[in-house]
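Undergrad: Got a structure for you, written out below as structure tokens; questions coming shortly.
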Amino acid sequence: MFIPLGDDNSNRRSFPVIVPLVIILNAIGWYLQLSRGDSFTYGYSFVPAEMTAGRDMIGPVKLAINHQPVTFTLYRSPHPLLLTAFSAMFMHGSWGHLIGNMVYLWIFGDQIEDRLGRFRFLLFYLGCGVVATLAHYGADTRSPMPCLGASGAIAGVLGAYLVTHPHNRITVIVFRSLIHLPAVVVLGGWFLMQLVGQFGSAAPSGSLVAYAAHLGGFIAGSVAILVLRPRKYLHEHRAVFRRRW
């Protein structure tokens, strides 16, 4: 398992603005969760079953998570319900969930913001988050389990980073050792883990991890970066190919 600590920013031309702003918004979302409790967390999370039914679902829900019975309560959501696809992007399930996501965003997001520009990066980030939510919805349209977290949008950032900076060196911890690996290994490994989680034979029933959202966001980011900056991408990679051959 790779735990990234940083990357090579020597080719970055500008200091990120949107990335820190998104981190602050996620921190505010976490504060609201802590201060307002379950009524906020479960009310503003994305619930696939609500979208399928076309109505707000309020009341207790019983599910089996990893084959263990779990009971929680759904609360009133904002209207229209589609707003939860955005509000859920700025909420998390635990301190570890929040910190892990923000570390990934801080390490990989600045390069993509630098490449796209601030406004387009913001649209890119939100768009990847929405596509990730739709992928999660498509995986189980009747699930009453609330979905929350920035992971889907950040997965889009990872996909874009893999396309644009495949050879960039990433500092990671592997088995308590600090080493440097190319992004294609680190992020390619991350993507494979999501595939195994979603489709592997050992994938748990009722998993708490929204693997489909991660995969959807990653693919969306990989495609979107080519659409938004195709000429720049092709020019740079042709230059790399000429130097290597």
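Undergrad: Go through the range 41-71 and give me each residue that's surrounded by 13 or more Cβ atoms within 10 Å (Cβ to Cβ), assigned to a strand (DSSP E or B) and of a type in the set (A, V, I, L, M).
TA: Result: Val61, Leu63, Ile65, Val70.
Undergrad: Another question, then. Restricting to the range 1-27, count the residues that are aliphatic (A, V, I, L, M), farther than 28 Å from Gly197 by Cα and surrounded by fewer than 20 Cβ atoms within 10 Å (Cβ to Cβ).
TA: Looking only at that region, the number is 4.
Undergrad: Looking at the range 90-107, is at least one residue under 19 Å from the mean Cα position of the chain (by Cα), touching a residue at least 12 places away in the same chain (Cβ under 8 Å) and under 14 Å from Val47 (Cβ atoms)?
TA: Yes, there is a match, as at least one residue in the range 90-107 is under 19 Å from the mean Cα position of the chain (by Cα), touching a residue at least 12 places away in the same chain (Cβ under 8 Å) and under 14 Å from Val47 (Cβ atoms).
Undergrad: Picking from Asp114, Asp140, which residue would you name as being over 17 Å from Leu226 (Cα atoms) and touching a residue at least 60 places away in the same chain (Cβ under 8 Å)?
TA: The unique qualifying residue is Asp140.
Undergrad: Checking Arg142 against (1) surrounded by fewer than 19 Cβ atoms within 10 Å (Cβ to Cβ); (2) part of a helix (DSSP H, G or I), which test does it fail?
TA: Result: Arg142 passes all but (2).
Undergrad: Do the conditions hold for Ala85, that is, is it in contact (Cβ under 8 Å) with a residue 24 or more places away in the chain and surrounded by fewer than 17 Cβ atoms within 10 Å (Cβ to Cβ)?
TA: When the stated conditions are applied, Ala85 does not pass them.
Undergrad: So Phe40 fits all but one of (1) in contact with a Leu (Cβ under 8 Å, 6 or more places away or on another chain); (2) over 19 Å from Phe72 (Cβ atoms); what number is the exception?
TA: For Phe40, the failing item is (2).
Undergrad: Can you tell me which residues in the range 211-227 are farther than 16 Å from Gly138 by Cβ and either modelled with pLDDT of 95 or more or open to solvent by less than 60 Å² (accessible area, probe 1.4 Å) (or both)?
TA: Answer for the range 211-227, where residues must be farther than 16 Å from Gly138 by Cβ and either modelled with pLDDT of 95 or more or open to solvent by less than 60 Å² (accessible area, probe 1.4 Å) (or both): Gly221, Ser222, Val223, Ala224, Ile225.
Undergrad: Next question, about the same structure. Are any of the residues in the range 103-115 in contact with a helix residue (DSSP H, G or I) (Cβ under 8 Å, 6 or more places away or on another chain) and under 18 Å from Gly197 (Cβ atoms)?
TA: Yes: the range 103-115 contains one or more residues that are in contact with a helix residue (DSSP H, G or I) (Cβ under 8 Å, 6 or more places away or on another chain) and under 18 Å from Gly197 (Cβ atoms).
For every residue, the table says whether it meets (1) under 25 Å from Val157 (Cα atoms); (2) assigned to a helix (DSSP H, G or I); (3) in contact with a Phe, Trp or Tyr (Cβ under 9 Å, 6 or more places away or on another chain); (4) open to solvent by 20 Å² or more (accessible area, probe 1.4 Å).
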site	(1), (2), (3), (4)
Gly29	yes, yes, yes, no
Ser39	no, yes, yes, yes
Thr73	no, no, yes, yes
Gly100	yes, yes, no, yes
Trp106	yes, yes, no, yes
Arg120	yes, yes, no, yes
Leu123	yes, yes, no, yes
Leu126	yes, yes, yes, yes
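Undergrad: Now, a different point. Can we say Leu158 is closer than 18 Å to Ile99 by Cβ, open to solvent by less than 10 Å² (accessible area, probe 1.4 Å) and touching a Leu at 6+ places or on another chain (Cβ under 7 Å)?
TA: yes
Undergrad: Only one of Leu178, Leu208, Leu148, Leu134 is open to solvent by less than 60 Å² (accessible area, probe 1.4 Å) and touching a residue at least 24 places away in the same chain (Cβ under 8 Å). Can you tell me which?
TA: The match here is Leu148.
The values are calculated or read from the model by the stated rules, or taken from the named source; none is laboratory data. Source: prediction; values computed, not measured. Note that we place each Cβ from the backbone using ideal geometry, even for glycine, and neighbour counts take in every protein chain shown. Calculation scope for accessible area: heavy atoms of the full protein, side chains included, ligands and nucleic acids excluded. Shrake-Rupley method; radii C 1.70, N 1.55, O 1.52, S 1.80 Å.
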